[in-house]
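Structure first, then comments.
The values are calculated or read from the model by the stated rules, or taken from the named source; none is laboratory data. Just so we're clear, the structure is a prediction, and the values are computed from it rather than from any experiment. No Cβ is skipped: glycine too gets one built from the backbone with ideal geometry, and neighbour counts run over all protein chains shown. The accessibility values were calculated without ligands, DNA or RNA, using every heavy atom of the protein model including side chains. Shrake-Rupley method; radii C 1.70, N 1.55, O 1.52, S 1.80 Å.
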Amino acid sequence: MNKKNTILIFDTTLRDGEQSPGASMNTEEKIQIASQLERLGVDIIEAGFAAASPGDFDAIDKIAQRVTASKVCSLARAIDSDIKAAGEAIAKAQMKRIHTFIATSSIHMEYKLKMTPDEVIKRAVRAVEYARTFVDDVEFSCEDAGRSDMGFMKEISDAVIEAGASTINLPDTVGFRLPFEIGAMVKEMSNYVGNRAIISVHNHNDLGLGVANSLEAVINGARQIECTINGLGERAGNAALEEIVMALKTRSDIFKDYKTNINTKEIYPSSRLIANITGIEPQPNKAIVGKNAFAHESGIHQDGMLKNKSTYEIISPSDIGLDMEDTLVLGKHSGRAAFKDKLAKLGFVLEDEALKSSFERFKIMADRKKDIYDDDLRALVTNEMTKAPKIYELISLQLMDFSEGTPSSVVKIKKDNTEIIEAGIGEGTIDAIFKTIDRITNQEGKLLDYKVQSVSKGKDALASVTVKVSFNNEPAIIGHGLNIDTMLASARAYIGALNSYLSMQGKMKSHHVDSSKTV
Ligand code: KIV
Ligand code: ZN
């Protein structure tokens with residue numbers, strides 16, 4: 001039997017994915033995602049862009065200390081200060097990589113960088129040489145490779161390989177290319193580079209071709225694919241990890257010479273974790289992980305499925321770790337051991353404190369909710385594990401006059417063991433709640449976005465609320481709240497955002513990458 005080629009999976013959910021509007025995450029959330037990516041079997045985790053902010057640096061540093069089975073990588077522009085930050089942030093990782101890049105297309109060199117091609121090569125070589133003083137594994141990206149001149153890419157690749165780069169990444173940064181064009185580019189570059197470096201691709205999805213382009217790249221010699229869970233990423237996103245991996249597996253008749261190290265049973269848990277943390281749900285008809293990806297609605301299809309699943313199903317839900325009959329057998333009388341066991345089956349390993357608080361919340365939920373599904377548990381535990389430190393804690397909420405009069409709320413909040421109670425009014429119920437919280441906390445919050453989704457089914461479904469708030473005119477922060485009661489979930493989400501904001505103050509000036517550092 002032929003030895004199969006391993007296609008390395010480089011996940012950039014925590015870097016390019018975080019650049020999705022509204023997808024910014026706090027450090028604890030990033031650590032949970034990195035641990036899940038490790039369980040998924042990702043070869044390289046791009047944990048962030050260390051120079052972007054102290055918060056990004058801190059998250060990469062913590063991930064580097066936590067993750068052992070995957071390589072931890074930081075992005076860096078081809079600038080000494082970026083590379084130093086990247087090298088220091090990943091220093092404690094067992095396996096590490098610096099990913100440095102500079103644009104190679106004439107559009108970018110002329111208008112963005114205002115540099116000549118020779119200057120770009122010099123900068124790239126310096127960046128790789130300097131990065132090699134921190135790590136043995138350096139990846140170099142020709143940003144906007146999709147629109148770059150082939151001759152120039154060969155020239156810069158020769159130079160950076162000579163300087164010590166072992167991976168050459170060819171991003172279709174603006175998602176412009178068609179599969180046959182990516183195939184031709186990858187073929188020419190991989191023939192040229194030979195075994196001097198691995199050829200990688202990084203396809204954006206502006207024309208909905210990110211996955212198709214990545215598969216074509218594999219056929220033509222790419223041995224690393226950069227991608228994100230749920231296809232998160234800038235603009236229309238990046239090529240979706242789950243689609244690439246399942247295409248390679250399901251069409252093993254075509255891709256018989258290739259394999260990945262991904263444990264596909266961790267795909268669904270990974271997708272849910274990212275959706276729960278970012279509040280960005282994959283579209284219902286999204287391939288592999290959308291809510292309807294395995295739903296057979298028409299009578300003819302259902303009939304076929306009952307007779308033989310292969311009539312309409314090319315992937316078994318269990319292959320991606322989706323249990324179609326996921327009603328939890330636990331109830332309000334279940335003990336902590338059974339609860340812990342169930343969480344372990346769902347891939348959550350909780351420390352004592354998080355287990356205790358999750359169990360308490362589970363008991364409260366089980367008291368009020370008849371059927372508890374795996375997705376409910378996933379949402380609850382994710383919410384519990386990724387909370388910012390509790391500076392303010394919601395104790396109680398009372399609401400009045402939903403219908404005719406002025407909506408009003410009474411909120412009780414605890415801070416430093418002192419309970420504070422206030423009443424307030426607003427244009428609507430949410431407005432009344434948030435304004436009352438502002439009065440208690442003495443902060444001025446501006447609500448920029450508000451989303452509510454049901455976690456599973458039934459009238460008693462858990463409401464998952466995501467808010468995006470700018471406090472005191474500073475960059476927006478995301479907060480999440482989960483409860484059977486939507487108003488309570490909303491209050492929790494708002495206070496969660498406030499706690500994140502306050503805990504980040506002092507640690508960092510801005511949670512977001514400032515525009516001069518956007519990649
Ligand atoms: O899309 C892109 O070009 C990138 C690079 C930084 C790899 O994200
Ligand atoms: Zn990108």
Test result for I274, touching a Ser or Thr at 6+ places or on another chain (Cβ under 7 Å) and either within 27 Å of A34 (Cβ to Cβ) or not in a loop (DSSP other than H, G, I, E, B) (or both): yes
Single condition I395 does not satisfy, out of (1) open to solvent by less than 50 Å² (accessible area, probe 1.4 Å); (2) under 30 Å from I31 (Cβ atoms); (3) of a type in the set (V, I, T): (1)
Close pairs (8 angstrom Cβ cut-off, 6 or more residues apart or separate chains): closer than 11 Å to G87 by Cβ in the stretch 51-75, modelled with pLDDT under 95 and part of a helix (DSSP H, G or I) anywhere: A51/K517
Condition broken by S81, with the remaining ones in (1) at positive phi; (2) surrounded by fewer than 20 Cβ atoms within 10 Å (Cβ to Cβ) satisfied: (1)
Residues satisfying the stated conditions in the stretch 142-162, i.e. out of contact with any Pro (no Cβ under 9 Å at 6 or more places or on another chain) and either open to solvent by 30 Å² or more (accessible area, probe 1.4 Å) or part of a helix (DSSP H, G or I) (or both): R147, M150, G151, M153, K154, S157, D158, A159, V160, I161, E162
Residues being of a type in the set (D, E, K, R) and either in contact with a Lys or Arg (Cβ under 6 Å, 6 or more places away or on another chain) or without any contact (Cβ under 8 Å) to a residue 12 or more places away in the chain (or both) - total across the stretch 11-50: 1
So G22, is it away from ligand 1 (no atom under 16 Å from the Cβ) and either modelled with pLDDT under 95 or open to solvent by 30 Å² or more (accessible area, probe 1.4 Å) (or both): yes
Residue within the stretch 415-425 that is outside any helix (DSSP H, G or I), among the small types (G, A, S) and surrounded by 15 or more Cβ atoms within 10 Å (Cβ to Cβ) present: yes
Condition check for K286: open to solvent by 50 Å² or more (accessible area, probe 1.4 Å), of a type outside the set (V, I, T) and in contact with a helix residue (DSSP H, G or I) (Cβ under 8 Å, 6 or more places away or on another chain): no
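Yes/no per residue for (1) touching an Asp or Glu at 6+ places or on another chain (Cβ under 7 Å); (2) over 16 Å from D16 (Cα atoms); (3) within 16 Å of ligand 2 (Cβ to nearest atom):
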site: A222; (1), (2), (3): no, yes, yes
site: C227; (1), (2), (3): yes, no, yes
site: E234; (1), (2), (3): yes, no, yes
site: T250; (1), (2), (3): no, yes, no
site: D253; (1), (2), (3): no, yes, no
site: I262; (1), (2), (3): no, yes, no
site: T278; (1), (2), (3): no, no, no
Within the stretch 191-222, considering residues that are touching a strand residue (DSSP E or B) at 6+ places or on another chain (Cβ under 8 Å) and in a loop (DSSP other than H, G, I, E, B), the one nearest to ligand 1 (Cβ to nearest atom): N205
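A quick yes/no check of all residues on (1) open to solvent by 10 Å² or more (accessible area, probe 1.4 Å); (2) over 17 Å from P21 (Cα atoms); (3) not in a helix (DSSP H, G or I):
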{"position": "E427", "(1), (2), (3)": "yes, yes, yes"}
{"position": "K451", "(1), (2), (3)": "yes, no, yes"}
{"position": "P475", "(1), (2), (3)": "yes, no, yes"}
{"position": "G481", "(1), (2), (3)": "no, yes, yes"}
{"position": "A489", "(1), (2), (3)": "no, yes, no"}
Count of residues meeting criterion [open to solvent by 10 Å² or more (accessible area, probe 1.4 Å) and within 19 Å of H99 (Cα to Cα)] in the stretch 205-249: 2
Within the stretch 199-228, considering residues that are without any contact (Cβ under 8 Å) to a residue 40 or more places away in the chain and of a type in the set (D, E, K, R), the one nearest to M246 (Cα to Cα): E216
Condition broken by E46, with the remaining ones in (1) away from ligand 2 (no atom under 16 Å from the Cβ); (2) open to solvent by less than 10 Å² (accessible area, probe 1.4 Å); (3) among the charged types (D, E, K, R) satisfied: (1)
Which listed residue, of K3, K30, is within 30 Å of V218 (Cβ to Cβ) and either within 16 Å of ligand 1 (Cβ to nearest atom) or surrounded by 22 or more Cβ atoms within 10 Å (Cβ to Cβ) (or both): K30
Unmet criterion (only one of (1) buried (at least 17 other Cβ atoms within 10 Å of the Cβ); (2) farther than 13 Å from H202 by Cβ; (3) of a type in the set (V, I, T)) for T133: (1)
Subset tally (residues that are closer than 19 Å to T486 by Cβ and not hydroxyl-bearing (S, T, Y)) for the stretch 414-434: 9
K122 vs. criteria of a type in the set (K, R), within 16 Å of ligand 2 (Cβ to nearest atom) and over 22 Å from I182 (Cα atoms): no
Unmet requirement for E139, which otherwise passes all of (1) more than 19 Å from M189 (Cα to Cα); (2) outside any helix (DSSP H, G or I); (3) charged (D, E, K, R): (1)
For K187: the one exception among (1) part of a loop (DSSP other than H, G, I, E, B); (2) touching a residue at least 24 places away in the same chain (Cβ under 8 Å); (3) away from ligand 1 (no atom under 16 Å from the Cβ): (1)
Search result, residues across the stretch 136-176 that are among the hydroxyl-bearing types (S, T, Y) and within 13 Å of ligand 2 (Cβ to nearest atom): S141, T173
Selected residue [open to solvent by 50 Å² or more (accessible area, probe 1.4 Å), within 12 Å of Y494 (Cα to Cα) and in the same structural domain as Q398 (by TED's automatic domain parsing)] from K459, K435: K435
